[in-house]
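S.K.: The structure under discussion is supplied below as structure tokens; questions concerning it will follow.
The values are calculated or read from the model by the stated rules, or taken from the named source; none is laboratory data. Keep in mind that this is a model prediction, so the values were computed, not measured. Don't worry about glycine lacking a Cβ; one is built from the backbone with ideal geometry, like all the others, and counts go over all protein chains shown. When the accessible area is computed, the model is the full protein with side chains, heavy atoms only, and any ligands, DNA or RNA have been set aside. Shrake-Rupley method; radii C 1.70, N 1.55, O 1.52, S 1.80 Å.
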Amino acid sequence: MSKIRVLIADDHAVLRAGLKLLINAQPDMEVVAEAAAGPEVIAHAQAAVPHVVLLDLSMPGAGSTQTIEQLRLVVPSARVLVLTMHDDAAYMQAALQAGASGYIVKKAADVDLLTAIRAVHNGRTFVDITRPGDATLMPERQRVHGDSQAGGQSRPLSPREADVLRLLAQGHTNQEAADRLALSVKT
């Protein structure tokens, strides 16, 4: 089985080092390149041809949406997963419109990040914004289960998944939904 090739693009060296340790510890993933600024991302993506580009929105150089658009042109097979501190629907929508396949905030758990990398690598859309009460985001959150390569068709939600989605759409936080359903927040 070939590994998921990941390019980490973030201007904070300590964060890149931590992400590299986390990703390289996975049996199905490897970091193939790192970049600290927009123009570097494009050059490293061309050279390394990653499957997934883990991209911070707040890097020096070209604007984040410009970088996403350039990546989609230069390495069309690469999927862009935005990893950002911006827990905001406007940033998320701009990133997805520019061609990103996923959006996850930096305060997410490491398990969620690894799930997101695998999801976008497998042709899915992964969106995780933790703002409670923003029901417009829930269909995007659900799409982590859908295969965007298969004409937008997705498998039906299980009854338990539907319960979780309903609570989130009603504005409950992940923790509140977990508590109401007697689940762990990770589940």
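S.K.: Region 25-64 to region 87-121: how many Å between their Cα centroids?
M.R.: Between the Cα centre of region 25-64 and that of region 87-121, the gap is 14 Å.
S.K.: I would also like to ask the following. Counting heavy atoms of the protein chains only and a 1.4 Å probe, report the per residue accessible area for region 16-101 as a whole number of Å².
M.R.: 42
S.K.: Among residues other than residue 3 whose Cβ falls under 9 Å from its Cβ, what is the net charge (Lys/Arg +1, Asp/Glu -1)?
M.R.: It works out to a net charge of -1.
S.K.: Here's another thing I want to ask about it. Length gain on complete extension for the stretch residue 163 to residue 112, per 0.36 nm per residue less the alpha carbon to alpha carbon distance?
M.R.: Net length gain for the segment: 16.4 nm.
S.K.: Among rounded, prolate and oblate, which fits region 1-122 when a ≥ b ≥ c are the square roots of the eigenvalues of its C-alpha gyration tensor, a/c under 1.5 means rounded, and a/b larger than b/c means prolate?
M.R.: Rounded, because the longest to shortest axis ratio a/c is under 1.5.
S.K.: Shape verdict for region 68-132, please, from the Cα gyration tensor: rounded (a/c under 1.5), prolate (a/b greater than b/c) or oblate.
M.R.: oblate
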